[in-house]
Amino acid sequence: EDDRTMEQDGSNPIRINCVILNFNDGETVSRLVHMIHDYDYLEKIVLVDNHSTDDSWEQLQVLKDEKVDLIRTEKNGGYGYGNNTGIRYAIEHNGATHVLVANPDVVFSESCVIHMARVYGNHPDAGVVAASIQDETLGKGRGRNGWKLHGFVGELLSMEPVCRRIFNCFLNYPRSYFKDKKAVYVDAVHGSMLMISAQAFEETGGYDEGIFLYQEEAVLGQRMRASGYRTVLLLNRTYQHQHSVSINKTYTQLLERQKLRNESAYYYMVHYLHINGIQKLIAKGWFRMILLEDWLAAKV
């Protein structure tokens, strides 16, 4: 970790930018920037204000310096749109070879960044790299934030809370897949913090801007796989995530969040799983059932 010369392809130095997306959460963003500002391996920090409706833009102005860039989107186009804007800026304006995409509500060490970057030297086919998550909802188990991509039926089962528990062993990697390993290939990783190579981003297009929120991880995993890239999950490095702090500040109602999930899942099924007419009807009925379950749970 004292070696400051990380290289890619044997000669070209790795240049890492960190992109942090903000929407009405300037305080959390500021806290993260202060925490990581002096990480030597982060050449630049790019703050993207996703057209906030509060005073975030003014709050974030004070963070600008020789290391921190601040840009603003023309509209709030969602998670994918905002992060794509920041990643493109990092590549085109700062010459980033790799971009660390971080939610405002994460905590990570510089050592974690270093080890994520080093994966690319050992895995030339890596497009996305993530560390293991410590999350109050997902827990602290090895590999919790790396999962399989499913077909139509698997996707339906993974969305419904009861089915997700019943069919857990079929929907997720077995524990043995992670045992005694430092890193594994997975289909998708949690989007709260991940590193993407500039080459993979440019070849795949990054996030699908047709999705406003949720399902981004599955889309990214699909796009990486379709372009011949792999997703790597480090099991010996971790980061902390305060689950959905920023999202919950905006979408406070359970039903509102579930409606967003349903819309994104339907979009994903249509555009990436290429479901037929009958499957579309089944999906819509399934989503209505989930909404009904959430409504009943809210009433109890």
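Test HIS93 against the stated conditions and say whether it is open to solvent by 10 Å² or more (accessible area, probe 1.4 Å) and either within 24 Å of MET224 (Cα to Cα) or in contact (Cβ under 8 Å) with a residue 24 or more places away in the chain (or both). So HIS93 passes the test. Of the listed requirements (1) modelled with pLDDT under 95; (2) open to solvent by 20 Å² or more (accessible area, probe 1.4 Å), GLU110 misses just one: (1). Checked against the criterion of being modelled with pLDDT of 95 or more, in contact with a Ser or Thr (Cβ under 7 Å, 6 or more places away or on another chain), in a loop (DSSP other than H, G, I, E, B) and closer than 17 Å to TYR207 by Cα, region 35-51 contains one or more residues that satisfy it.
Of all residues in region 174-185, those that are under 13 Å from ARG144 (Cα atoms) have Cβ atoms under 9 Å from Cβ atoms of residues that are among the aromatic types (Phe, Trp, Tyr), 6 or more apart or on another chain, in VAL184/TYR173; VAL184/TYR177; VAL184/PHE178. Considering (1) within 13 Å of the chain's Cα centre (by Cα); (2) surrounded by fewer than 17 Cβ atoms within 10 Å (Cβ to Cβ), the lone condition that GLY121 does not fulfil carries the number (1). Listed by first and then second residue, the pairs with beta-carbon distance under 7 Å, at least 6 apart or on different chains, first residue in region 242-262 and farther than 19 Å from ILE211 by Cβ and open to solvent by 60 Å² or more (accessible area, probe 1.4 Å), second at pLDDT 55 or above and part of a helix (DSSP H, G or I), are LEU254/ASP294; LEU254/ALA298. Can you confirm whether region 256-277 contains a residue that is more than 19 Å from PHE152 (Cα to Cα) and either modelled with pLDDT of 95 or more or not in a loop (DSSP other than H, G, I, E, B) (or both)? Checked region 256-277: at least one residue is more than 19 Å from PHE152 (Cα to Cα) and either modelled with pLDDT of 95 or more or not in a loop (DSSP other than H, G, I, E, B) (or both).
Going by the structure shown, is LEU100 crowded, with 22+ Cβ neighbours inside 10 Å, touching a residue at least 24 places away in the same chain (Cβ under 8 Å) and closer than 20 Å to GLN240 by Cβ?
yes
Just one of the listed residues (TYR214, TYR185, TYR207) is open to solvent by 20 Å² or more (accessible area, probe 1.4 Å), part of a loop (DSSP other than H, G, I, E, B) and not hydrophobic (A, V, I, L, M, F, W, C), namely TYR214.
The values are calculated or read from the model by the stated rules, or taken from the named source; none is laboratory data. Quick caveat, the model's predicted, so the values are computed rather than measured. Cβ coordinates were reconstructed from backbone atoms using ideal geometry, including for glycine residues, and neighbour counts include every protein chain displayed. Remember, those area values only see protein heavy atoms, side chains included, never the ligands or the DNA or RNA. Shrake-Rupley method; radii C 1.70, N 1.55, O 1.52, S 1.80 Å.
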